[in-house]
């Protein structure tokens, strides 16, 4: 038998043995994957934003299929319509969650919070935050270097050149939470959009005592408690010298906005208030 023929037979034999080993190994170590995972993944928006709490839509689809109860699981990008489709595929009940949007809880613009020094390091909030407290007297506020904007995959944020603060484009925001995670100062929060997109919140996270906070930023919350006293719905708490409005309890009466001495409480998307003079005249007018 020639050397060439021997070599060919040997290689064929090795190929057959290798194929047999691979076949047996595939059978032994085969992992069944539920075909519904592919169906659920197709129903998801493929944003891979991580807003659901999982590293991508595939991982979220796997979690949805494996979970016995998906009522507390949510895709912030797809919202209720997508989750309804997922529920139909899996034959499970999905919970109802109110749509949310990111809000920036800092109003310390250059006008209200003057700079005391000039930062010349890397253009990153994470880096600047690790190095020092910030370029103003308030070490709690926005650093203005745009990490939140860079983290947003939906073009829902931009830096306002005049104020030096990030601005949320409400129509684009999907509440994925990427900006929340990117902010080292924790000034960005996801809140319920509210009826007609109306929201009231304290635009400050400074926990210093009132006089100190006010000296650093003239629109800082000073923890005076006036808002808490006028709130008829127990929606406001004061903790660590800082007021916080619970959006689940808030009924949008706006009484807290009127009494805040530093204008730290913001109201969004409300109609303009009527002048107080007109209101008094209406009250005095005789009823016909």
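Laboratory data are not the source of any read-out in this text; all were calculated from the coordinates shown. From a predicted model like this one, the values you see are computed outputs, not experimental measurements. Glycine also receives a Cβ, built like all others from the backbone with ideal geometry; neighbour counts cover every protein chain displayed.
In the set (i) 23.5; (ii) 14.3; (iii) 27.0, the label that goes with mean projected area of the Cα convex hull in nm² computed for this structure is (iii). Across the stretch 73-188, the mean sequence separation of Cα contacts (distance under 8 Å, 6 or more residues apart), normalised by length, yields a relative contact order of 29 percent.
Take the Cα atoms of the stretch 100-268, build their convex hull, and give its volume per residue in Å³.
Numbers: hull volume 18.2 nm³, N = 169.
Once divided by residue count, the hull of the stretch 100-268 is 108 Å³.
When a/c reaches 1.5 or more, the comparison of a/b and b/c decides; with that in mind, is the stretch 1-143 rounded, prolate or oblate per its Cα gyration tensor? The shape class here is oblate. The calculated Kirkwood hydrodynamic radius for the stretch 36-90 is 10.7 Å, given to one decimal from all distinct C-alpha pairs. In this structure, residue 111 and residue 158 have a Cβ-Cβ separation that, at R0 = 22 Å, corresponds to a calculated FRET efficiency of about 0.70. Working note: Cα atoms of the stretch 85-166, range along each principal axis, descending, whole Å: 59, 24, 21.
For an R0 of 25 angstrom, estimate the FRET efficiency from the Cβ-Cβ distance between residue 38 and residue 96 and round to the nearest 0.05. Don't jump to the answer; show the numbers that get you there.
Numbers: r = 26 Å, r/R0 = 1.05.
It comes out at approximately 0.40.
Working from Cα pairs under 8 Å separated by at least six residues, relative contact order for the stretch 100-268 is 24 percent.
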